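Okay, so here's the structure we're looking at.
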Amino acid sequence: MKELFWGDLYAKGGTTLFCSQDFEKKSITIKEGYIYESSWIREKLDCGTSSKCRTNAPDYRRMISDMHNIFPSTMSFELARGSSRFAEIGADGLAGECETRKAYGVIEPQDTAKGIIARATLYMMEAYKLPAPSSIDTLIDWCKRFPPDDAEKARNNLIEKLQGNRNLFIDKPSRADQMR
């Protein structure tokens, strides 16, 4: 997965999802960021640690390697996020890195990331029968309120070539209504 992700999908660099930071290649400060966290997947599969899940849960490797769920991120954002879930916080949260707000184990990303996060989460829920890690109403709202742009659509097309499937919530954001 990492070879395809960095070698093909982001071979010419790109922009990090959460901080909108341009980069030329993977580095010590740029890493893979998972929308639907691997710890949540392990919890659902009830398979223990990452290494136990790789051995004992046949679908685990495919789930954590799905490029529709992985985006370039800064190391500092990933450390600040931890395993926080995405939600609307508003003015009550503490202002954080990259125009985020954080409170009580949840994080509200900048608007430019909300639709992408929602579509990736909804995709993972549908593709792997995973539970909603956040309010389903918030995910549906973000999916429709922040529609995919040309870059997200082009990324979906490239992932289809590399991985063999599409995120249908990018193709048709109104599909989110079926997730209630």
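The values are calculated or read from the model by the stated rules, or taken from the named source; none is laboratory data. No experiment lies behind these values; they were computed from the predicted model shown. Note: ideal-geometry Cβ built from the backbone for every residue, glycine included; neighbour counts use all protein chains shown. Each accessible area value is taken on the protein alone, full model and side chains, heavy atoms only, with ligands, DNA and RNA left out. Shrake-Rupley method; radii C 1.70, N 1.55, O 1.52, S 1.80 Å.
When Lys129 is tested against (1) among the basic types (Lys, Arg); (2) over 13 Å from Asn69 (Cα atoms); (3) surrounded by 19 or more Cβ atoms within 10 Å (Cβ to Cβ), just one condition goes unmet, and that condition is (3). With the structure loaded, tell me whether Ile30 is surrounded by 20 or more Cβ atoms within 10 Å (Cβ to Cβ) and modelled with pLDDT of 95 or more or whether it fails that test. Yes; evaluated as a whole, the condition is true for this residue.
Scanning the stretch 1-53 for residues that are among the aliphatic types (A, V, I, L, M) and part of a strand (DSSP E or B) turns up just one, Ile30.
Contact annotation: residue pairs with Cβ atoms under 6 Å, 6 or more positions apart or on different chains, pairing a residue in the stretch 103-130 that is within 15 Å of Asp171 (Cα to Cα) with a partner that is open to solvent by 20 Å² or more (accessible area, probe 1.4 Å), are Gly115/Phe146; Leu122/Met179. Do the conditions hold for Ile41, that is, is it in contact with a Gly (Cβ under 8 Å, 6 or more places away or on another chain), aliphatic (A, V, I, L, M) and either surrounded by 13 or more Cβ atoms within 10 Å (Cβ to Cβ) or without any contact (Cβ under 8 Å) to a residue 40 or more places away in the chain (or both)? Judged against the criteria, Ile41 is not a match.
Of all residues in the stretch 154-180, which are of a type in the set (D, E, K, R) and touching a helix residue (DSSP H, G or I) at 6+ places or on another chain (Cβ under 6 Å)?
Those that are of a type in the set (D, E, K, R) and touching a helix residue (DSSP H, G or I) at 6+ places or on another chain (Cβ under 6 Å): Arg166, Arg175.
Restrict the check to the stretch 150-161 and report whether at least one residue is closer than 16 Å to Ile35 by Cβ, touching a Pro at 6+ places or on another chain (Cβ under 7 Å) and of a type in the set (Val, Ile, Thr). Within the stretch 150-161, none of the residues are closer than 16 Å to Ile35 by Cβ, touching a Pro at 6+ places or on another chain (Cβ under 7 Å) and of a type in the set (Val, Ile, Thr). Looking across Pro58, Pro109, one residue alone is more than 21 Å from Leu139 (Cα to Cα) and either surrounded by fewer than 18 Cβ atoms within 10 Å (Cβ to Cβ) or under 17 Å from the mean Cα position of the chain (by Cα) (or both). It is Pro58.
Going through (1) without any contact (Cβ under 8 Å) to a residue 12 or more places away in the chain; (2) in contact with a Pro (Cβ under 6 Å, 6 or more places away or on another chain) one by one, Thr100 falls short only on (1). For the stretch 147-157, the set of residues classified as of a type outside the set (Gly, Ala, Ser) and within 17 Å of Thr16 (Cα to Cα) consists of Pro148, Asp149, Asp150, Glu152, Lys153, Arg155, Asn156, listed by residue number.
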